[in-house]
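Take a look at the structure below.
The values are calculated or read from the model by the stated rules, or taken from the named source; none is laboratory data. Keep in mind it's a predicted model, so treat the numbers as computed, not measured. Cβ placement follows ideal geometry from the backbone for every residue including glycine, while neighbour counts extend to all protein chains displayed.
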Amino acid sequence: MVNLDKYSSIFIANWKLNGNSSFLKDYYEKLKVNSNNCTVICSPSVYLKSLKRNNENLFCGAQDVSAYKEGAYTGELSASMLKDNNIDFCLVGHSERRQYFSETNDNVNIKSSNLIEENIIPVICIGETLEQKENNLTEETLSSQIKDSVPNSAIHLNALIAYEPVWAIGTGLTPTLDEINQVHDLIKNFDTKFRSFKVLYGGSVKSSNSKEITELSQVDGCLIGGASLNVDEFNTIIS
Ligand code: 13P
């Protein structure tokens, strides 16, 4: 399992449903990993094996995993198959999966637990919608997502939490720096066990705001969507 304690910052590229062979070739030729940080590329699953791990701080991440371990579940990929293919990280409970694929906290909990059993680090995504934010339900929403989707086996060494406000994803909007720091602080104080967890921020992170976000005291890195598709932009973010 990757030694998370070794890194002060973790940057995860989530390509979502984007990319093809020529995009990958160009991207991996130009990618410049900074050895002080942990960099993870979550490509679509058919391209996971294309990542050239030419730097010990560059890792491969999946965007999802099956809640099932094996059997008649057409189209699924299990945690043990990801391990068998040297995948070290896996996103779980991304808001797009919760919204479009009916992923529940219970699914996220089982998937994360299966990943931990295979020594893969689940990146457990949580975040409030705009409606929840406007109704002052951010704390309640995050608290129940954490309580129900983080398995008992998760500790700061084998799991990550990513705070991604749903309203900030792909919109160009972000919470203020104070708000981000406060929410991360809240997450780390939901329970003593979360105090040492690394918590990443995601939602409209770009090269123009990544430095100030990453420098916040309670932020341990970023989960980047759209901006990670431009390798020059991503190189700047991780530099
Ligand atoms: P954007 O960076 O495009 O807002 O997406 C964030 C995200 O969903 C990363 O998982």
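For the range 126-142, check the following and say yes or no: at least one residue is in contact with a strand residue (DSSP E or B) (Cβ under 7 Å, 6 or more places away or on another chain), within 18 Å of residue 161 (Cα to Cα) and in a strand (DSSP E or B). Yes, the range 126-142 has at least one match.
The range 1-77 holds strands (runs of 3 or more DSSP E) entirely within its bounds, and those carrying 3 or more residues that are farther than 17 Å from residue 232 by Cα map to 58-62.
Annotation for the range 164-172: no member residue is free of Cβ contacts under 8 Å to residues at least 60 places away in the same chain and away from the ligand (no atom under 15 Å from the Cβ). Per this entry, residue 7 is counted among residues that are closer than 18 Å to residue 88 by Cβ and not polar (S, T, N, Q). From the list 96, 103, the lone residue that is within 14 Å of the ligand (Cβ to nearest atom), at pLDDT 95 or above, part of a loop (DSSP other than H, G, I, E, B) and crowded, with 19+ Cβ neighbours inside 10 Å is 103.
Could you count how many residues in the range 16-66 are within 20 Å of residue 170 (Cβ to Cβ), under 17 Å from the mean Cα position of the chain (by Cα) and not hydroxyl-bearing (Ser, Thr, Tyr)? Matching residues across the range 16-66 total 10. Within the range 110-136, being in contact (Cβ under 8 Å) with a residue 40 or more places away in the chain, touching a Ser or Thr at 6+ places or on another chain (Cβ under 6 Å) and either within 15 Å of residue 68 (Cα to Cα) or among the aromatic types (Phe, Trp, Tyr) (or both) holds for 113, 116.
Count, please, the residues in the range 188-239 that happen to be in a loop (DSSP other than H, G, I, E, B), more than 14 Å from the ligand (Cβ to nearest atom) and not acidic (Asp, Glu). Looking only at that region, the number is 11.
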